[in-house]
Every structure is written in structure tokens, then in C-alpha cells.
Amino acid sequence: AAHCSLRAKRLLLDPKFEGYKLSLEPLACYQLGLDAAVAEVKLRDDQYTLDHMRAFGMYNYLHLDSWYQDNIYYIDQCGRVMNLSVTLDTALQKPREVFRLPTDLTAYDNRLCASIHFSSSTWVTLSDGTGRLYLIKSGKRGSSASEKWEIVFNEELGSPFIISHSVSFVKSDAHSVAVLLLRVEKDELDTKGSGFHITLEWLTIAEISKEGDHRYGIFKRRVLQGKSVPHYAAIEPSGNGLTIVSYKPFRFMQDEDDKSEENDDAKTTNEKKDPLYYWQQTEDDVTITVNIPEEITKDDIKVHFSPDNICVTLKDQPPLMEGKLYSSVDHESCTWIIRENKSLEISLMKKNEGPRWPELIVGDTRGEFIMDSSQCSAIAESLMHLTSEVMNPNPEKENPPCNAQELEECDAFLEDSASLCRFDGDTLKVTHVINLGSNQYLFSVVVDPKEMPCFCLRHDVDALLWQPHSDQPENMWEHIATFNALGYVQASKQDKKFMACAPDYSYAALCECLRRVFIYRQPTPLSTVLYNRKEGRQVGQVAKQLVATLEASDPILGFQATNERLFVLTTKTLFLIKVNSGN
């Protein structure tokens, strides 16, 4: 796999950003009471791990249809898929039913929350949380659309799952829909960890034509397994690849035949051969020891020394050792003898005393260097000044290497080794890897529904938005927007539950578990003159922070942002916050 890195665009960074100014401008907030409560599924006693909490406990019950403007959906306790399409905030309609799940959800004890994903402008994937997947032909959706949603595929797929992502595409003249199903499953073999593993099933449903009859059926099923819930998992628009951002790596679970093949390969690489020779060195000389077969006598051995080369042959065989030495030797003083244990010992006298040789014969990896204990301790001593038992041994010293006291508690986070992997759909192998290191994952957003979702990462104090381009190998991940200082700001919000941003990047927002919503606008030019008193200079633009407090005592279950509005869902109420006025 190619190890890549994310390249930030310097023009999109603002090193002079001064922070957000709290604005008291009133935000218009509208609320709609729901006919029936949202179909929230609480975690059971056997869903006790952090992964269960991340996948199901922090589930966003509000779904944004990016193919149509200001169009949101949720599923209520009656099994109805409810839609609200907004054109005018002052003339809000009640959410309307667009589809009803055929199963009676109350009859299932171990179900998960129902999930929905909009694969295209006319196709929808839907799960009822019991392990059943529906592929639905919705036709045009949106405000005036009242086309009936038609089920074209409906199948039981094993244990319950939630839909992570789906795409609709045409391949070899047949329409296909690829879906990613997420499960947290018990792992009997995992005795030391949480006892669970995460599976992502990559399912392709395709149109099958049999004697003029057009049906949809499962075309391909592939399963990936990992040990942490992915922060981000999305299929490429072409259906050819998959990108996962996760704390712990995922890999494809292969069939038994593939496994045995792989094991054979692994065996051959693991059967490490014994070194051909061992060598030691002092400041003056180098000693080489070679094991030789029993039947070899002194007359069968030929050792040829020259100032820069060595050649060792046994009988009439090809040279056992041959090549250019790392450094020059005094070839006339070099000797060799046969020891009692049937080993050949060669002594080389270094021409330049002192320097250590990192290798014996240039480019030859068949030997093994043996270091004696005095050399080990000498090297350790020479490196002593670079290490210390104390965090900051000389606090008075100018420019200390790192002052741990300056780091705040909110700057430390668990995901210190998350990675981004791109998997190929045909070979099932990882083609690209990015080690995200300290670039904490924040949230994802659909900017263009025809492209993969963007993901937002913390870079230093900022939050950078990245757009994956699966069809552009030289520009696979493009930095498209920056939310100044948002990486730092969000870290201090201990109770945050969801984060989002407008698809036009005009603002970012986060909500807490209860009531409060924080909005961070991009810097805008000022209409009045403002001076920075400290530095005595004029300030050209200012970034505003707004806070909205909802009149709700129920916890927030869903959160979505569009260019103009924020939608916030609680058990019985849907709130709309007008953030930007329409053009």
C-alpha cells in the first residue's frame, strides 16, 4: 500500500486568526411537535462497550437528504419514515409520512435503531434494525414530490445492523446499489479485549434480468473486520473502492481457500534462513566466522584478499562470499584459519582505525553482526545526553524541548494512532494508507452528493475539511475549507454530542447532549471600523460565535446542518434554527 499524506492548502489557512467574538444577535428558532415520538432504541445491558456507545448510543436519528435542499427524515415509533421539506420557515408544514416499515418493531427484543441512507436522487436504502434490508425506489423526493416509495429488494441478512453508507451506480449496463452494514458482534476468541469485534459488510445489490423479468438480488457480499467502530466509512461513487477512517485497522475476512494460500506465502517468508556468516569488529580489526560443511578440507578453501574486496570459495563451487568491503583493509595482514568446530575464521585488519563499519560487504544482507557487551554500553553512554528520566530536566533553559504543563487536559485524546485506508473492491487489498497521528477526526459532511462525504480533521488548532476524489489518483484528498481554531474550541466542549457544518462551509456547529447549540461563523468583513486596542491596528473582519438554547428538556437525538438552517431533533420535537438568510 502507498503511504500518503494530506497536504493542506496554505491559502486556506489563516495564521492571523484572532478568535471568535460572542454575538448576541437573535437567532430565529422554530419548533414542531411530533405526532409520534422518535423510534429511539436505548442500549441494552449486554451493549456495554465504548464501541456500542459510539455506534448506537451516539446515533444521529435525523437524516439529511443531500440530493434535495432542506429535506430531512426521521423514523418514528409507529415505524413510519417521516419527512419535513422546508421552503419557508414561517409556513412550516407538519412532517409527512412517506413510507411505513412492514414489520412490527415492538415484537423484536434485540433490535437496533432503524437507519436510512439516500443512495441517489431516486434510490433509498433502509433498515428496520432487526437485520432486514430494504432497497426502495423512491422516485423524485422533496417538497412537491409525492411519488410512492416502492420496495424492490427486501431480505433478512443475519444479525441486526445499521446502514453506514450506500451508493447507486451503473456497471456493465446493470443498475447496482452498494451498501455498507455495520455490526458490533461478540468475539469468542477475544479474551483480553472487550470481547466484541466490529464488522462492516460491503453488499452489492444488482439488477438481474431473467427471461424478461427484472429483479434485484445480492450480487456480492464481502466482510471487513476490525476492533473499533470506524469514524468514517464510505464507498466510492463508482462502487470500486472503500475508504475507512478508524482507530484500529480493518481487514477483509477471506474464504478458507484464500486463507490457506495466504498462509503458504506467510510460511515461506517466515522461514527465515540462518545467516551465512557472523561478524564482529573492534577499532582495529574485523573477524568473520563462516560455518563450512564437514567434508571440506583446508585445500578446498580459497580466500582472496585485496585492499577493497574479499572473495571466499569452497572447492569448485560459486563464491560463498564476494564483494566490495565497506572500507579499505591492509590486505597483506589479513589471515584465515579453520577452527576445531569446523568453522572458517577470517581476520581483516582495518586500514583506518576507529570508525565502526555499519556493514561488512556493501549490499550483502546474508551476514549477522554480533556486538559485544562493552560496545553496547559504550553506544548507550554516547546517547545518554539525548534521554532523561525527567519530563523537563532544565526548566530554566531557553526553549525547553516540550513543556507538558502548557498542554491542557482537553488537548489529549485517545485516538493518537487513527489511520485512513483505501481498499480496492476487486483485490480487497489496501491501496493507500494515511497515518492520521494527532489529526483527530471531528465529523463528516456531504458537500456534493455525487462525491464521497467529506471528513473534517483537527490540524493543530484548526479544523480542516477534506474532500476525497476516488477518480483523481494525484489528488485523492483535497483540502477544501478551514474552520479556524475550531479544533481547539471543540476540545473544550466536554458535553458535545454532534458536530456538523454547512455544505457551503459558511458556518460550523456543535450541540451538547441537552439544549445548547453553538454556531461558529466564518470571518466576515466589518461594516464599521474596529480597532485592536492592544496592537493599535484596524481589524478588517470578525468571526462570530452564536449560542442557541432550545426550550427542551429531552436529550438531543439528531442534528443536521444545511446552508441556511440547523435542524435539531429531540424525542418529541423538531427545532429549526435559521442561521443564514437565503440569497
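The values are calculated or read from the model by the stated rules, or taken from the named source; none is laboratory data. Please read these numbers as outputs of a predicted model, since none were measured by experiment. Neighbour counts are summed over all protein chains in view; Cβ atoms, including those assigned to glycine, are modelled from backbone coordinates with ideal geometry. We work out accessible area using only protein heavy atoms, side chains counted, and drop any ligands, DNA or RNA first. Shrake-Rupley method; radii C 1.70, N 1.55, O 1.52, S 1.80 Å.
Laid out as a table, the results:
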{"read-out": "Separation of the Cys513 and Thr287 label points, Cα + 7 Å toward Cβ, nm", "value": "6.8 nm"}
{"read-out": "Tyr247, Tyr48, Tyr68, reordered so the largest accessible area comes first (probe 1.4 Å)", "value": "Tyr48, Tyr247, Tyr68"}
{"read-out": "Dipole of the chain [Lys/Arg +1, Asp/Glu -1 at C-beta], most positive-end residue of Ala36, Pro355, Ala481", "value": "Ala36"}
{"read-out": "Rounded to the nearest 10 Å², the accessible area of Asp372 at probe 1.4 Å", "value": "60 Å²"}
{"read-out": "Antiparallel DSSP beta bridges within the chain, percent to nearest 5", "value": "95 percent"}
{"read-out": "Under 17 Å from the Val362 label point (7 Å along Cα→beta-carbon), backbone N, the stretch 307-351", "value": "307-311, 322-330, 351"}
{"read-out": "Neighbourhood net charge (11 Å Cβ-Cβ; Lys/Arg +1, Asp/Glu -1) for Ala37", "value": "-3"}
{"read-out": "14 Å beta-carbon shell around Leu11, net charge (K/R +1, D/E -1)", "value": "+1"}
{"read-out": "Dipole axis of the chain (+1 Lys, Arg; -1 Asp, Glu on Cβ), positive-most option in Leu50, Gln280, Gly558", "value": "Gly558"}
{"read-out": "Asp46-Ser382 FRET efficiency (beta carbon distance; Förster radius 60 Å; 0.05 resolution)", "value": "0.60"}
{"read-out": "Residue-normalised accessible area of the stretch 277-365, expressed per residue, 1.4 Å probe, Å²", "value": "59 Å²"}
{"read-out": "Greater than 21 Å apart at Cα, pairs in Lys493/Lys572; Lys42/Lys137; Lys450/Lys496; Lys42/Lys496; Lys544/Lys578", "value": "Lys493/Lys572; Lys42/Lys137; Lys450/Lys496"}
{"read-out": "Separation of the Asn352 and Asp299 label points, Cα + 7 Å toward Cβ, nm", "value": "4.3 nm"}
{"read-out": "Between helix 373-382 and the chain: long-axis angle, C-alpha atoms, 0 to 90°, nearest 10", "value": "50 degrees"}
{"read-out": "Student exercise, the stretch 291-349 dipole from Lys, Arg, Asp, Glu Cβ charges, in Debye to nearest 20", "value": "80 debye"}
{"read-out": "In degrees, nearest ten, helix 256-270 long axis to first principal axis of the chain (Cα)", "value": "30 degrees"}
{"read-out": "Top positive-direction residue, dipole computed over the chain with Cβ charges, set Tyr505, Ser581, Ser138", "value": "Ser581"}
{"read-out": "Carbon + sulfur, % of accessible area of the chain - ligands and nucleic acids excluded, 1.4 Å", "value": "49 percent"}
{"read-out": "Point-charge dipole on Cβ atoms (K/R +1, D/E -1) for the chain, about Cα centre, debye to 20", "value": "2920 debye"}
